[in-house]
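Below is one structure, written out as structure tokens; the observations come after it.
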């Protein structure tokens, strides 16, 4: 994994999140993925289980956006930073919440993520934009 491939993967991650397309989500992860929504969580294990968890309660299209970039890349390990913003409605007339995110990831030789852990912090009301 290098910085360019990591950035491409993160862009595909955002597109998969925006589309809720099963195939696009599947393509991100290895068969044996261990996915943690929070660092202390037990992992969701296996690609099918992760895809199902993504699609269980998807965000409504147009009500969010996210931007992430590689912060550190070492071998098959990547740390990414970024933010996600949630709007009050699809017209995006108001911001409901903004989160600062850190992703810790490990990739297989095919460029699919096999370990994913997310840390996030919600910004206060005065820092929403």
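Kindly provide the set of residues from the stretch 66-98 that are at pLDDT below 95, at negative phi and surrounded by fewer than 16 Cβ atoms within 10 Å (Cβ to Cβ), ordered by number.
Correct list: 88, 89, 90, 91, 93, 94, 95, 96, 97.
Go through (1) within 29 Å of residue 27 (Cα to Cα); (2) at pLDDT below 85 one by one and return the number of the condition residue 122 breaks.
All conditions pass for residue 122, except number (2).
Working only within the stretch 92-110, note down all residues that are over 15 Å from the mean Cα position of the chain (by Cα) and either under 19 Å from residue 36 (Cα atoms) or assigned to a loop (DSSP other than H, G, I, E, B) (or both).
Our first condition is that a residue be over 15 Å from the mean Cα position of the chain (by Cα); within the stretch 92-110, this holds for 92-97, 108-110.
Selection gives 92, 93, 94, 108, 109, 110.
Please verify whether the stretch 71-83 includes one or more residues that are in contact (Cβ under 8 Å) with a residue 40 or more places away in the chain and farther than 19 Å from residue 119 by Cα.
Step one: of the stretch 71-83, the residues in contact (Cβ under 8 Å) with a residue 40 or more places away in the chain are 73, 75-78, 80, 82.
Next cut, farther than 19 Å from residue 119 by Cα only: 75-76.
Yes.
The values are calculated or read from the model by the stated rules, or taken from the named source; none is laboratory data. Treat the numbers as computed from the prediction; the structure is a model and nothing was measured. Don't worry about glycine lacking a Cβ; one is built from the backbone with ideal geometry, like all the others, and counts go over all protein chains shown.
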